1. At residue 75 and residue 90, where each label point lies 7 Å from the Cα along Cα→Cβ, what is the point-to-point distance in nanometres?
2. Using a Förster radius of 35 Å, what is the FRET efficiency between residue 262 and residue 122 based on their Cβ-Cβ separation? Nearest 0.05, please.
3. Residue-wise, which Karplus ³J(HN,Hα) couplings in Hz belong to the stretch 70-82, taking 6.51 cos²θ - 1.76 cosθ + 1.60, θ = phi - 60°, and x for glycine or proline?
4. Work out, step by step, the length gained on full extension between residue 285 and residue 252: first 0.36 nm times the residue separation, then minus their alpha carbon distance; give nm to one decimal.
5. Taking 0.36 nm per intervening residue step and subtracting the Cα-Cα distance, what contour gain separates residue 171 from residue 335 on full extension?
6. Between residue 18 and residue 369, what is the spin-label point distance in nm, taking each point 7 Å from the Cα along the Cα→C-beta axis?
7. To the nearest 0.05, what FRET efficiency results for residue 353 and residue 224 with a Förster distance of 30 Å applied to their C-beta separation?
8. Which of the GluC sites (Glu not before Pro) found in the stretch 224-268 are loop residues per DSSP with 12 or fewer other Cβ atoms within 10 Å of their Cβ?
Amino acid sequence: MRLFFDARYLRTDFHDGISRFSAELARATAAELAGPDAGTRDTPGDVDVELTFLIHDDAQRALLPPGVRTLKIHAPTSWREPFTAFVLNRHRPDVVFSPMQTIGSLGRRYRLILTLHDTIYYRHRTPPRDLPPLVRLGWRFFHLGYTPQRLVLNRADTVATVSETSKRQFAAARLTKRPVVVIANAPQDLAALLPGGDRAPSAPRSPSRPDLPPRSIVYMGSFMPYKNVETLVRGMAGLPEHTLHLLSRIGEARRAELSALAPAGARIVFHNGVSDAEYAALLDDRAVLATLSLDEGYGLPVAEALAFGVPAVVSDLEIFREVAGEGALFVPPEDAEAFAAAVRSLDEAAVRSATIAAGRAQAAEFSWRRSAARLLATAQSLVG
């Protein structure tokens, strides 16, 4: 079977959600095919798989496993994108997998797996800011109703998504007639980014000083209105011994808005972007991960924190219940006092240790290897 994996969404500056999903799943899929257990997957037959990654920039090769096969075509934002199938037909793939749903499928002569991660943009229609203006405009029109999405998804053989919550939302909106398979998002190994993290541990690495109560509150995410960072800031009134670390890039106007809400004496640090290693180091420093989103597509930072052994305080959303299970403390998203009380409850060693243990167990349910095996099984089922 010739499987083409669309890796054109890999960012060469810093990962966004789609880029990280692409990079981690690409690495795991290549490893699954090359590893010693490659012939023991639960698949519909013993099928040899020839894996090729689609790229549009030579620099993307550095983000893929060494030695893999690549095919360079146009960028996903190119005017050629609607006609991608005519380009790929010449290379005779059996199955094409894309981590997005917008790859051109007109005239295709292969099986196609498209991915829709969530339905967040139907509720919050602001497109990613790094897209060209015309693409941003088209994005807004595309999400005004469900019909364009249905037309796109129904051109696939199978639709993938990253969570059971999203799968239920697709069904409720009747987004597609095609089978929907969950190829779950999974956390990256933050411990491996710390000094000495490349050594294989005999047990999961714990953050520094788990015997001491958290004093850092880490928020990793955007500052869009539905992310509700305002409540995190207001909650600092009840947390005078803690420091709130806001990690992502932020514009001056948005920073001024949040600063104006800060209670007197609150310790708030705007990092304006951090590397993965800096992110891991901040979580390693007596931290609790916090996010009080009013809505969310997935919440990967929550899964990453739990896998690392860092407790989380999150808003009570269906997707966070799926991602965190019993491994987080849930609060009403706009209740600043409840947020502060939940953080303070982690000062108790019993609460802290129980939350961390439950979080590790829940995070273990998600792995890129398991998701890669699901992708390969789905692709093989399409070719029979």
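1. 2.1
2. Working: r = 33 Å, r/R0 = 0.93.
Between residue 262 and residue 122 the formula returns 0.60.
3. With coefficients 6.51, -1.76 and 1.60, one gets 10, 9, 8, 10, 6, 6, x, 9, 6, 5, 7, 4, x Hz.
4. Values: separation 33, 0.36 × 33 = 11.88 nm, distance 2.72 nm.
Result: 9.2 nm gained on full extension.
5. Values: separation 164, 0.36 × 164 = 59.04 nm, distance 3.13 nm.
Taking residue 171 through residue 335 to full extension adds about 55.9 nm, to one decimal.
6. 3.0
7. Values: r = 34 Å, r/R0 = 1.14.
The pair residue 353/residue 224 has a calculated efficiency of 0.30.
8. Numbers: sites: 230, 241, 252, 257; in loops: 241.
Filter output for the stretch 224-268: 241.
Only the coordinates and a few stated rules stand behind these numbers; no lab work does. Computed from a prediction, not measured in an experiment: that's the story for all the values here. Using ideal geometry, Cβ is built from the backbone for each residue, glycine included, and neighbour counts are taken over all protein chains shown.
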